[in-house]
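Remarks on the structure that follows.
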Amino acid sequence: MAYQVYFQTLGCKVNSYETAAIAKLLAEEGFVETESCENADVYVINTCAVTGEADRKSRQMIRRAKRLAPHAVVVAMGCHTQMCRDDEGADIVVGTDDRPALIPLLKERLKIQDGEKNRDDLDAGTRFFEYGSVNYQENTRAVVKIEDGCNNFCTYCIIPYSRGRVRSRSREAILSEIRDMAGKGYREFVITGIHLCSFEKELGRDSMALGELLSEISAIDGVERIRLGSLEPSCMTPELIEVLKKIPQICPHFHLSLQSGSDTVLKRMNRKYDTGVFRRVAADLRSAFPDVSLTTDMICGFPGETDIEHHESCAFAREIGFTHVHVFPFSPREGTKAWNMDGKIDGTVKAERTAELRGISDEMERKRAEEFVGKNVEVLLERQLDDGTWEGYCREYIRVIVTPDQALQAGMIVRVNVSGTKDFSVIGSVSRE
Ligand code: SF4
């Protein structure tokens, strides 16, 4: 009988993609995924280390796995275990640079006879760990990973230590995965990586390499939408924006990682841009994509952040007019420069600043939804809700609730007349053209 594997994933899109990738490799070895942890023979936890809270949850999940599935082989993998090899009771621990060892270790543990496949010759950590075509999707969007690692060393971030330096996936493998998924009917492709703009950086390329790749992706039959994951503002050169503008499938939604709207804080964070650069990029994107949505991440309470710096940050967020801001209270990560920085911000102050910025984000998000009333938008339908309406996202990444007056199904792209808003979403009905 086939061994059953249960997966639990913490953290970002890249982690979810990697869980799907490991699931695929295990399926090739005859393992079967299960939804129930009690019956699992193998219990895999893909951990995260992005915040102290993520570390705590990772440790808790590993300990819980042993209790919930006492007979399973518990595997802990990912960013948290890369940084801290404490097993917390796990039977197998791999990080991010020795993932190729997972399958041989697991087989050994399960005493499976090793077949002809042996992936531990991969020089992971310096080369992209190629999983082959993963076919990972999030609702009706296909997610494709093109790069791993980061060389930037922002002072608050553990990623360059936990995932190592930039290594890019081969164009051949990326295009082949997208062809495969487009052939299966996926229409929207989310291009993801730890630091997307660094695609092919290890080959001495600049961000135009990403532009070239996106042009190649756009030539694949069936690719109707391309959405980009988080981007660093400094790589959004006028040349790259010019290339993006010429690709009709590029969704006018860009997640530009800001982190702070104060130049002095950005400097302490070792970010590679200032608000002047960000302002230029936002203006260039607005001129290339007139109805563009800009979203971002921001941190409140970075060490030494003064009231004035916090207010600069809030004012800059308003000035840019984001569609949404993911606001995080600063959480120090051991092993980063910020861990030892002076000027720790009191928890209450941090919480107040976080709430204030979240309030500003909510305000901007509502206003942005209102701008769509009276417009006709293209929606990729994701799922039917309990009340019979459908939910999907338009190209600008606004959630759209669609009242059906015809048979609809997940994965369909329809045009919708927007008649109103509901919180941060818009509502409308399918337009007859
Ligand atoms: S750019 Fe900075 S925040 Fe982003 S992964 Fe690299 S080091 Fe971390």
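No lab work stands behind these numbers, since they all come straight from the coordinates. Note that the structure is a prediction, hence the values are computed from the model and not measured. For neighbour counting, all protein chains shown are included, and Cβ atoms are generated from backbone atoms with ideal geometry for every residue, glycine included.
When all alpha carbon pairs of the chain are counted in 20 Å bins from zero, the resulting P(r) reads 24, 56, 20, 0 %. Placing unit charges on the Cβ atoms of the charged side chains and taking the dipole of the chain about its Cα centre, the candidate lying farthest along the positive direction among HIS71, GLY304, THR192 is GLY304. Altogether, the Stokes-Einstein calculation at 25 °C and 0.890 mPa s, with the Kirkwood radius of segment 14-100 over Cα pairs as Rh, returns a diffusion coefficient of 188 µm²/s.
Computed over segment 376-430, the alpha-carbon pair-distance distribution with 10 angstrom bins reads 28, 65, 7, each value a whole percent. The Cys residues in the chain with no partner Cys Cβ within less than 4.7 Å of their Cβ are CYS12, CYS37, CYS48, CYS79, CYS84, CYS150, CYS251, CYS300, CYS314, CYS394.
Basic side chains Lys and Arg get +1 at the Cβ, acidic Asp and Glu get -1 at the Cβ, and with that the dipole of segment 4-110 about its Cα centre reaches some 300 debye. Spatially, segment 404-424 and segment 216-291 are offset by 28 Å when compared through their Cα centroids.
Scaling against 2.2 N^0.38 Å puts the C-alpha radius of gyration of segment 136-369 at 1.04. What separates the Cα centres of segment 1-56 and segment 159-191 is a distance of 19 Å.
Across segment 1-113, the relative contact order, built from alpha-carbon pairs under 8 Å that are at least six residues apart, equals 22 percent. Dividing the mean sequence gap of close Cα pairs (under 8 Å, 6+ apart) by how many residues the chain holds gives a relative contact order of 10 percent. Taking the DSSP beta bridges with both ends in the chain, the antiparallel portion is around 35 percent. In a reduced charge model with +1 at each Lys and Arg Cβ and -1 at each Asp and Glu Cβ, segment 376-430 shows a dipole moment near 140 debye about its Cα centre.
Simple point charges give the picture: +1 on the Cβ of Lys and Arg, -1 on the Cβ of Asp and Glu, and for the chain a dipole about the Cα centre of about 240 debye. Between LEU385 and GLU242, the FRET efficiency estimated from the beta carbon spacing at R0 = 41 angstrom works out to 0.55.
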